[in-house]
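Worksheet: the structure to be examined is printed underneath.
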There are 2 protein chains.
Amino acid sequence: MTESIRATEEAAPSSTSSASSLRIAVLDRDSGFIQVLSKRLDRLGWEHRVLGSPVPTDAVASMRLSALVVDLAVLGPQAWEWLERLCGALPELGVVVCTGPSTVAQRVRGLRLGADDWITKPCHPEEVIARVQGVARRRRRPTSRTESKPMMAGEVEIRSDRFQAFVDGHSLDLTRREFELIELLAAAEGRVLEREEIYSRLWGYAMVRGDRSVDVFVRKLRQKLEKASPQWRYIHTHFGIGYRFAAESLEVVGLDVPSSVPVGWNTGDQSELTGTQQDRELAAGAL
Amino acid sequence: MTESIRATEEAAPSSTSSASSLRIAVLDRDSGFIQVLSKRLDRLGWEHRVLGSPVPTDAVASMRLSALVVDLAVLGPQAWEWLERLCGALPELGVVVCTGPSTVAQRVRGLRLGADDWITKPCHPEEVIARVQGVARRRRRPTSRTESKPMMAGEVEIRSDRFQAFVDGHSLDLTRREFELIELLAAAEGRVLEREEIYSRLWGYAMVRGDRSVDVFVRKLRQKLEKASPQWRYIHTHFGIGYRFAAESLEVVGLDVPSSVPVGWNTGDQSELTGTQQDRELAAGAL
DNA sequence: TTCTCCTGTGAACATCCTGTGACCATTTGC
DNA sequence: GCAAATGGTCACAGGATGTTCACAGGAGAA
């Protein structure tokens with residue numbers, strides 16, 4: 001089998017968009033605490049930044065955080081006011097107060113003002129993380145399929161909120177599996193996905209050798225794409241490996257290389273992949 | 001599919017923290033704690049009940065709680081398992097663990113399993129209340145009834161303040177569940193809602209595989225809608241996924257030319273109107 | 001080149017999904 | 001308490017979807 005392609009291909013599906021990665025900020029001056037916490041956050045792969053002094057609400061807003069960990073001591077006498085303003089202005093932001101010893105009244109006040117949790121120092125970074133995670137988990141309500149913007153590739157629009165793909169506003173009438181397949185392929189646009197990976201991500205378990213389900217669904221998808229968008233090719237076969245999604249127009253006659261229109265947010269590195277001749281030849285016959 | 005008919009716009013999900021009356025349960029045996037807490041809850045006007053021993057998940061579900069305060073000590077060695085099952089089945093329920101001294105690892109475990117907060121006894125009832133309030137505040141998603149404007153879709157007017165839908169000023173006589181269903185669907189107008197999501201948002205806990213309740217209520221709803229507004233179709237089935245709410249008119253544009261078929265609707269659709277409602281777009285090429 | 005393996009394809013087959021009516025349990029109103 | 005309304009379960013039927021199979025032709029390797 002052509003090891004060359006296998007090598008260029010991304011080894012790990014890694015992406016694992018299981019949403020466990022968060023973006024948070026820590027407003028604190030306790031260097032020891034920050035250091036330990038940052039280390040843990042790094043290891044988790046969470047984006048994070050440390051703020052040494054109070055920042056205005058709109059600055060926090062522009063960071064697009066999942067959650068903010070704040071030591072009220074840093075805020076000084078303006079703490080309550082700042083907290084109230086922040087929570088009022090950014091109701092979607094998770095706010096975790098992590099501060100020194102406090103009275104019940106203070107904690108109640110903080111929580112009433114909009115804080116989502118209150119941790120008393122000294123505390124273990126793991127507990128901070130667990131609580132931040134809990135806050136973010138609860139916050140993230142509407143982010144299921146609602147907010148996911150539709151993907152465009154060539155003439156095809158893939159709308160997750162409708163479990164359907166459209167060309168020129170006209171539905172492709174994809175079944176559920178067909179849609180899951182095109183969604184998966186399009187999300188990995190430009191990358192070659194192995195059959196085994198496609199299968200395991202759609203069916204949820206490992207593919208048995210010889211199973212042709214993926215091929216069959218690729219054919220169904222190609223048929224529907226061909227019918228709705230005859231001037232484009234979307235799914236390209238990589239012999240011995242799997243499939244790659246990339247919208248390529250057939251209309252360009254004067255060029256030896258078909259123009260490729262990638263989806264906006266995913267920077268596919270198809271350059272190295274298209275270098276192999278297998279792709280060229282198969283792509284001609286394939287949709 | 002006709003994108004054109006979008007009668008209402010999404011109401012802003014700005015859930016206010018106003019409606020402060022909650023329904024909670026306390027699973028604990030610490031009589032002193034219970035007594036003090038109950039007193040405070042009474043004064044706040046929160047509905048609450050005290051449970052002395054572990055109850056099965058579906059029993060908790062039937063209580064329709066906003067939040068549950070639980071001392072893990074009552075649960076004994078099964079505590080983690082119980083907690084995990086509960087939080088898994090009732091993702092909408094706020095769970096506040098309020099228990100004796102614990103290790104960091106225990107707290108992290110509890111929070112990871114789905115608990116929304118963890119309070120260490122001894123604690124002040126006011127803090128318990130503040131944290132329960134915080135949890136419930138974040139959990140609550142439905143827009144408050146009084147503020148939400150009535151929704152219009154096709155000929156149907158959905159009035160949340162009356163828990164009822166109307167056509168031409170005439171009530172559809174929807175039952176509570178039927179109304180909750182149409183309200184949910186209409187609020188997500190144009191989007192496909194999965195059966196599991198519909199179920200969990202109406203019933204408050206996870207749908208078991210094979211449950212047909214959603215289908216049955218969709219049928220009841222369709223019957224009443226069909227009777228009151230025969231010229232429109234509102235609920236569309238998406239095979240293998242769920243349902244989508246969108247008002248679509250069946251009315252022939254030119255009544256003086258009855259023989260003409262409206263653009264976008266084939267004869268198959270028309271002929272089926274007399275019989276069972278096969279308005280399912282998945283079957284029709286008109287999508 | 002030949003040979004072997006892989007993929008495209010159409011169709012048959014099995015499975016799952018949904019609409020539907022009937023039935024039972026529980027709640028609500030009187 | 002009774003009766004009606006409401007919520008929920010069940011089984012059946014028809015159809016949409018998913019899976020398997022056999023065959024043909026192409027791609028890669030020796």
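The values are calculated or read from the model by the stated rules, or taken from the named source; none is laboratory data. Because the structure is a prediction, the values reported are computed rather than measured. Cβ coordinates were reconstructed from backbone atoms using ideal geometry, including for glycine residues, and neighbour counts include every protein chain displayed. To get the accessible areas, we keep the full protein, side chains included, count just its heavy atoms, and leave off ligands, DNA and RNA. Shrake-Rupley method; radii C 1.70, N 1.55, O 1.52, S 1.80 Å.
Annotations
- Annotation: of all residues in the range B:53-106 being polar (S, T, N, Q), more than 21 Å from the chain's Cα centre (by Cα) and more than 14 Å from every other protein chain (Cβ to nearest Cβ), the one that is nearest to A:Pro122 (Cα to Cα) is B:Thr99.
- Given (1) of a type outside the set (D, E, K, R); (2) in contact with a helix residue (DSSP H, G or I) (Cβ under 9 Å, 6 or more places away or on another chain); (3) under 24 Å from A:Leu90 (Cβ atoms), index of the condition A:Pro122 fails: (3)
- Count of residues meeting criterion [touching a Lys or Arg at 6+ places or on another chain (Cβ under 7 Å) and open to solvent by less than 10 Å² (accessible area, probe 1.4 Å)] in the range B:204-240: 3
- Scanning the range A:181-203 for residues that are within 13 Å of DNA strand C (Cβ to nearest atom) and either open to solvent by 40 Å² or more (accessible area, probe 1.4 Å) or β-branched (Val, Ile, Thr) (or both) yields a count of 6.
- Close pairs from the range B:184-195: first more than 8 Å from every other protein chain (Cβ to nearest Cβ), partner open to solvent by 10 Å² or more (accessible area, probe 1.4 Å) and assigned to a helix (DSSP H, G or I), Cβ under 7 Å, at least 6 apart: B:Leu184/B:Arg201; B:Leu184/B:Leu202
- The residues in the range B:97-126 that are open to solvent by less than 10 Å² (accessible area, probe 1.4 Å) and part of a helix (DSSP H, G or I) can be counted, and the count is 2.
- Residue in the range A:161-183 that is away from chain B (no Cβ under 14 Å), within 16 Å of DNA strand D (Cβ to nearest atom) and in a helix (DSSP H, G or I) present: yes
- Cβ-Cβ under 8 Å pairs, at least 6 apart or on other chains, the range B:54-77 side at pLDDT 85 or above, far side among the polar types (S, T, N, Q) and loosely packed, with under 13 Cβ neighbours inside 10 Å: B:Pro54/B:Gln78; B:Val74/B:Ser53
- Residue in the range B:155-164 that is touching a residue at least 40 places away in the same chain (Cβ under 8 Å) and buried (at least 18 other Cβ atoms within 10 Å of the Cβ) present: yes
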